[in-house]
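Below is one structure, written out as structure tokens; comments come after it.
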Amino acid sequence: MTDMNLDTQIDAQLDARIEARIEAMTLAEQVSLLSGASFWRTAAIARLGIPAVKMTDGPNGARGEDFSGGVRSAAYPVAIALAATFDPDLVQEIGADLAREARTKGARILLGPTVNMHRNPLNGRNFECFSEDPVLASAMAVAYIRGVQSGGVAATIKHFIGNECELERRTTSSEIDEKTLREVYFPPFEAAVKEAGVACVMTAYNALNGVHTSQNPWLLDTILRQEWGFDGVVMSDWTATHSTAAALDAGLDLEMPGPGKFRGETLVQAVETGEVSAASVRRAARRVLALIDRVGARMSDDLEAERAEDRPETRALIRRAGAEAAVLLKNDDDLLPLAGKKLSRIAVIGPNAAKAVMFGGGSAQINAHYAISPLEGIRAAFPDAEVDYALGCPGDRYLPLVEGPVEIRFFAGTGFSGPPVLTRTGERSEFRWFGPVAREVDHRAFSARLTARYEAQETGWHEIGLMSAGTSRLAIDGRPVLEAWESWTRGFSYFGHGCAERRGRVHLEAGKRYDISVDYACGDGITTTLKAVRFGLRAPSTAGSLDDAVALAREADAVVLVAGLNDDWETEAEDRESLDLPQAQNDLIEAVAAVNKSTVVVMQSGAPVAMPWAQAVPAILQLWYPGQECGNALADILTGRAEPGGRLPQTFPGSVEQLGAITRRPEAHGQIVYSEGTAIGYRGFAARGTRPQFPFGHGLGYGKIEFTDARLVVEGEQITVEVDLFNHAERTGSEVAQVYLMSETGASCRLVAFSRATLAPHEKKSLTIAIPERRLCTWKPDKRQWVREPVPFTLAIGASSADLRILKSLAQE
Ligand code: BGC
């Protein structure tokens, strides 16, 4: 295998080689390249030695082809966490590591990064996207792609464009004017093409201004190809191709997944009847061939088995990134770091404390190599302290899965008839299949029987739950308990293909073993691509007790309370209903903080949550979803071994009412009207003159860094900002110097550049921050071009969008 660097341009020799291959192909062979051969592969043409190329989902890991429970992979921090580092070099390193991971799965195309904007903090995929700010999101996208592609793997930037709402995403149309597109939503894609030479672009499920993005000629041809010069492959999101001729003519090269619905024989016929030109087919086939060449795919790649490589270097990188991403929102009286303080008892409390919450839900989920929980990380980091744990309250949205062997027997057809065609054993009580199930199972019509033996640990009423995409019914020791069979109706679970969780109670006796069995049928007509089933169980004592948590907190020298959301709450194909944490968690935080003045709240979420208790707790650390090293990264910050390096890549509003016009649900006729224009996130807050709970760019370090001076250096069109920093503290600290362009009234303000610095104790440092010319321009719809902001304008330099320390007016320089 070659380690070809994808930055190299397709040269003339390659053009000639590709042309010769196209000439050697029949029309059917050319067409075969234009849709997946399977769920995750392009088609091979063995006769001509053209290999298939395998893809894998990202973006926070390389999952491989099994949608759940597959070969293990490294789990990296999610995108919002990466953006919080404001550190493109680190993100590039992660990209390069991800490329290596993708190759362990035999994949040469990684389906990431996701760069839709944080327009609405309730978006279920907020965690998977970088930022609300186009400058930050662009820098992160470029770094990520450069890293991935330096490892011989093609990155796929997604979802082009306007996929800022998950609810009803297949039928909505994002209504966005051109100025807003160009200034806010296009920039990460444009930078990916122009600065990083991204190899693939994935279109979105939604339409843009009434036209499906996968067949939108203005988007794919006028803007992407002609204006930006994109020469890679455009692929559809999974099952989001809607036509044969219109999509191909607009520039959609690859229909995914395969076998394609609109290509294959249908496309051959369309060429034969003249509906589609042979030239359009050749043009797209040429691009797919160029991609195969760029990633250096070989015939043997397809045969590579997926393997798990759990490397110490990757562990260390993920741990470092997790700490660099964590945002210290508040730290009264320098409560953190805890090291050096007399701590003989630490109470670790909360629903996210004893299990590692590594990522959000949906296609970004992977089967991680391992998971370090906050409790494990803290115990290892404070060996001399007594570390006690209390749950306090449950954090799950659905009942917890049953861990342990769960056997699943598959039957041909939906009626459990005949002998099983396949038997497998899973590690826990959930199975999900996106597309194929296994070679032996026809995924269009099968049934399955799950069995698990559960030994009750206590006597009492246990809660039991069942949920499925497809129909299901659950029995204990042969006695029917729950059903989603006759009563099955579509809810929001499983990408909108599943029902709501069915719940009941069963009385179990300690020490007794129970046979739990679930019959599952992939319901004809109920679900097409996604099939899933899960059951959960909660023993009475595992529901947590507020009183126990408060008692523990009262006795402790310090409390680390790890609260937040998880992949049930924040997940693809669904948006959250509110900014609020489940009420039990707010109650827990308030009660614990009231009895222990040294309470650190660690918040896990991939999006803003309201923190009505923020005034009452001395320290708040936003940990995001940091991947498999979750607990170690947290412990590094608590001990002070690492600096909490993150700054908010998204504004944290105090309440949903503060969001202005942005609402959760699409309006009439499935339209999502971006009526706020460019005023999303902090720009919206500035325009409305309101203060959020925590502003964009905010984050405290362990140093005490002052912005001592700043100068503007103007050379022709180029403006450079020089910023002087001084660290007053006795310890090393970091700062992200942020430069905002501000109108004279201050009502509008936008980030134009940033730079991160680490300063030793009492160190002085000067940063030189160049502002790319385009960042000083706005799009003028009447002139249809970028026009530089007229002087005078102000460049404001500071530590967040609401903490601007030095103002420099350009007219004065
Ligand atoms: C998601 C994509 C993902 C694809 C394949 C879709 O549901 O929107 O981001 O890459 O599935 O899993």
Using a 10 Å cut-off around each Cβ, can you sort 15, 384 from fewest to most neighbouring Cβ atoms? 384, 15
Please work out the C-alpha center-to-center distance from segment 726-757 to segment 115-168 and express it in whole Å. 23 Å
Going by Cα centres, segment 336-398 and segment 307-321 are how many Å apart? 19 Å
So what J values fall out for segment 462-475 if you push phi through Karplus, 6.51 cos²θ - 1.76 cosθ + 1.60 with θ = phi - 60°, rounded to Hz, Gly and Pro as x? 9, 7, 9, x, 9, 8, 7, 9, x, 8, 7, 8, 10, 10
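What relative contact order, as a whole-number percentage, does segment 127-259 give when Cα pairs under 8 Å and 6 or more residues apart are counted? Please report the intermediate quantities before stating the final value.
Numbers: 222 pairs, mean separation 32.7, N = 133.
Reported as a whole number, the value is 25 percent.
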The chain - percent relative contact order, Cα under 8 Å, separation 6 or more: 15 percent
The long-range amide H neighbours of residue 57, using H built 1.01 Å from N in the peptide plane and a cut-off of under 5 Å, are 63, 64, 111
Label-point separation, residue 709 to residue 461 (7 Å along Cα→Cβ), nm: 7.2 nm
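Can you compute the helix-only [θ] at 222 nm over the chain? Use -39500 (n - 2.57) per DSSP H run of at least 4 residues, normalise by all residues, nearest 500 deg cm²/dmol. Intermediate results must be reported in sequence, preceding the final value.
On the way: 16 runs with 166 residues, N = 813.
Value at 222 nm, helices only: -6000 deg cm²/dmol.
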Under 5 Å from the placed amide H of residue 581, counting only residues 5+ away or on other chains, we find 610
Give a residue-ordered list of calculated ³J(HN,Hα) values for segment 438-444 (Karplus: 6.51 cos²θ - 1.76 cosθ + 1.60, θ = phi - 60°; whole Hz; x for Gly, Pro). 6, 4, 6, 10, 7, 5, 7
Using a/c under 1.5 as the rounded threshold, could you call segment 108-240 rounded, prolate or oblate? The axes a ≥ b ≥ c are square roots of the C-alpha gyration tensor eigenvalues, and prolate needs a/b larger than b/c, oblate otherwise. rounded
For segment 333-477, calculate the relative contact order in percent as a whole number, restricting contacts to Cα pairs under 8 Å that are 6 or more residues apart. 20 percent
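Could you tell me whether segment 403-542 comes out rounded, prolate or oblate from its Cα gyration tensor? Rule is a ≥ b ≥ c as square roots of the eigenvalues, rounded for a/c under 1.5, then prolate if a/b exceeds b/c, otherwise oblate.
Working: a/c = 2.09, a/b = 1.52, b/c = 1.37.
The shape class here is prolate.
Residue 731 to residue 655: extension gain in nm, 0.36 nm per residue of separation minus the Cα-Cα distance?
Values: separation 76, 0.36 × 76 = 27.36 nm, distance 3.59 nm.
The span from residue 731 to residue 655 would gain 23.8 nm if fully extended.
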HN-Hα J in Hz across segment 353-364 - Karplus 6.51, -1.76, 1.60, θ = phi - 60°, x for Gly and Pro: 7, 9, 10, 7, 9, 9, 7, x, x, x, 5, 7
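Evaluate E = 1/(1 + (r/R0)^6) for residue 15 and residue 809, where r is the Cβ-Cβ distance and R0 equals 60 Å; express this FRET efficiency to the nearest 0.05. Each step should come with its number before you reach the end.
Details: r = 51 Å, r/R0 = 0.85.
After rounding to 0.05, the efficiency reads 0.70.
Beyond a 30 Å Cα-Cα separation, which of these cross-linked pairs lie in this structure: 704/808; 105/179; 330/764; 105/261; 105/531; 158/330? If you can, show how the numbers build up before the last one.
Values: 704/808 23 Å; 105/179 41 Å; 330/764 25 Å; 105/261 27 Å; 105/531 23 Å; 158/330 34 Å.
Violating the 30 Å limit, Cα to Cα: 105/179; 158/330.
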Straight-line reach from residue 512: which lysines have Cα under 27 Å away, leaving out those fewer than 8 places along the same chain? 355
Would you mind working out the magnitude of the charge dipole of segment 42-191 relative to its Cα centre, with +1 at each Lys and Arg C-beta and -1 at each Asp and Glu C-beta, to the nearest 20 Debye? 780 debye
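Using the count of nearby Cβ atoms within 10 Å as a rough guide to exposure, how do 93, 23, 427 rank from fewest to most? Display every interim value, and only then the final one.
Working: 93 16, 23 8, 427 12.
Least crowded to most crowded, the residues run 23, 427, 93.
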Grab the beta carbon distance between residue 477 and residue 23, set R0 = 60 Å, and tell me the FRET efficiency rounded to 0.05. 0.35
From fewest to most C-beta neighbours within 10 Å, the residues 334, 547, 575 line up as 547, 334, 575
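Can you tell me how much longer the chain between residue 747 and residue 489 gets when fully stretched, taken as 0.36 nm per residue apart minus their C-alpha distance, in nm with one decimal? Please list the in-between numbers first.
On the way: separation 258, 0.36 × 258 = 92.88 nm, distance 4.81 nm.
Taking residue 747 through residue 489 to full extension adds about 88.1 nm, to one decimal.
Between residue 239 and residue 168, what FRET efficiency follows from the Cβ-Cβ distance if R0 is 22 Å, with the result rounded to 0.05?
On the way: r = 15 Å, r/R0 = 0.68.
E(calc), rounded to 0.05, equals 0.90.
For segment 703-810, just say rounded, prolate or oblate: build the C-alpha gyration tensor, square-root its eigenvalues into a ≥ b ≥ c, call rounded for a/c under 1.5, and beyond that prolate if a/b exceeds b/c, oblate if not. Write down the numbers at each step before the final one.
On the way: a/c = 2.66, a/b = 2.24, b/c = 1.19.
It is prolate, given that a/c is not under 1.5 and a/b is the larger ratio.
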Once amide H atoms are placed 1.01 Å from N in the peptide plane, what residues at a sequence separation of 5 or more from residue 481, or on another chain, have their amide H within under 5 Å of its amide H? 474, 475, 476
The alpha-carbon center of segment 452-517 and that of segment 639-695 are separated, in whole Å, by 39 Å
Gain in span if fully extended, residue 445 to residue 595, counting 0.36 nm per residue against the direct Cα distance: 48.3 nm
Bridge type composition, the chain - antiparallel percent by DSSP, nearest 5: 70 percent
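Every number in this text was worked out from the coordinates using simple rules, so none of it is lab data. None of these values were measured; they are calculated from a predicted model. Here Cβ is always computed from backbone atoms with ideal geometry, including for glycine, and neighbour counts include all displayed protein chains.
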